[in-house]
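Bear in mind these aren't lab numbers, they're just calculated from the coordinates by the rules spelled out. Predicted, not measured: the structure shown is a model, and the values here were computed from it. Neighbour counts run over all protein chains shown; Cβ positions are idealised from the backbone, glycine included.
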Amino acid sequence: MSNYSFNHISTTTDRYKIYISVCNPSELKDKIEFVKAQNIQVINMGKELAEYIDGLDDYTYLNIDVYDFCKNLLEQNKVKINGYGNDVVAIYNVGILMEPILELNPVTLFKAFSKSTALIIIWENQYDIPDRLNWATQKNNYYLDFSDSPLKKLQDAI
């Protein structure tokens, strides 16, 4: 996993523009504030998606509804860092996307979105192999595998 700066995000022409900003759980709030200070919208995916699902009257097409909601949420919050270059959006608390009932593949969603917009994943958990994001308590059961579209680690200071 290579290290990149926020300046690289706005100018990259990579096919997949997926970045990771790693922190400890105790540093999450500071990390979010730091990313916001870079003029980047930060989305709490778990909170937004839970509120959306809670408001649904019909769960017949839950996986399609959730996929469309996530895609639209990302689209609506993308911004240009300095008014030029790539659009960027940051997310955190993505575990809800792994819920089996949603029948989603978050990695596929992130990859498709990152073709046109840089996506920063603020990750307060663990990462392995360099492109596998996992939760300490579910290391072998639930993880996000980006091995076919390598993550780019943001080098930042908070």
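Values for this structure:
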{"read-out": "Burial ordering of 5, 10, fewest other beta-carbon atoms within 10 Å first", "value": "5, 10"}
{"read-out": "Shape call, the stretch 17-99: gyration tensor on alpha carbons, a/c limit 1.5", "value": "oblate"}
{"read-out": "Neighbour cut-off at most 15 other Cβ (10 Å), DSSP loop, GluC sites (Glu not before Pro), the stretch 44-115", "value": "103"}
{"read-out": "Relative contact order [Cα under 8 Å, 6+ residues apart], the chain, whole percent", "value": "40"}
{"read-out": "In order through the stretch 54-67: 3J(HN,Hα) via Karplus (6.51 cos²θ - 1.76 cosθ + 1.60), integer Hz, x for Gly, Pro", "value": "4, x, 6, 8, 10, 9, 4, 10, 4, 5, 5, 4, 5, 4"}
{"read-out": "Degrees separating the helix 28-37 axis from the principal Cα axis of the chain, which is the longest one", "value": "60"}
{"read-out": "Dipole of the chain, positive end: most advanced residue of 142, 90, 106 [Cβ charges, Cα centre]", "value": "90"}
{"read-out": "Exposure proxy order (Cβ contacts within 10 Å, fewest to most) of 45, 98", "value": "98, 45"}
{"read-out": "Charged-residue dipole, Cβ positions (Lys, Arg, Asp, Glu), the chain about Cα centre, Debye nearest 20", "value": "720"}
{"read-out": "Fewest-first sequence of 132, 15 by Cβ atoms within 10 Å of each Cβ", "value": "15, 132"}
{"read-out": "Added length on full extension, which subtracts the Cα-Cα distance from 0.36 nm per residue, residue 108 to residue 51", "value": "18.3 nm"}
{"read-out": "Residue with peak Gaussian network fluctuation, the chain [Cα springs, cutoff 10 Å], from 101, 32, 81", "value": "101"}
{"read-out": "Helical contribution to [θ] at 222 nm, DSSP H n ≥ 4, -39,500 (n - 2.57), averaged over the chain, rounded to 500", "value": "-9500 deg cm²/dmol"}
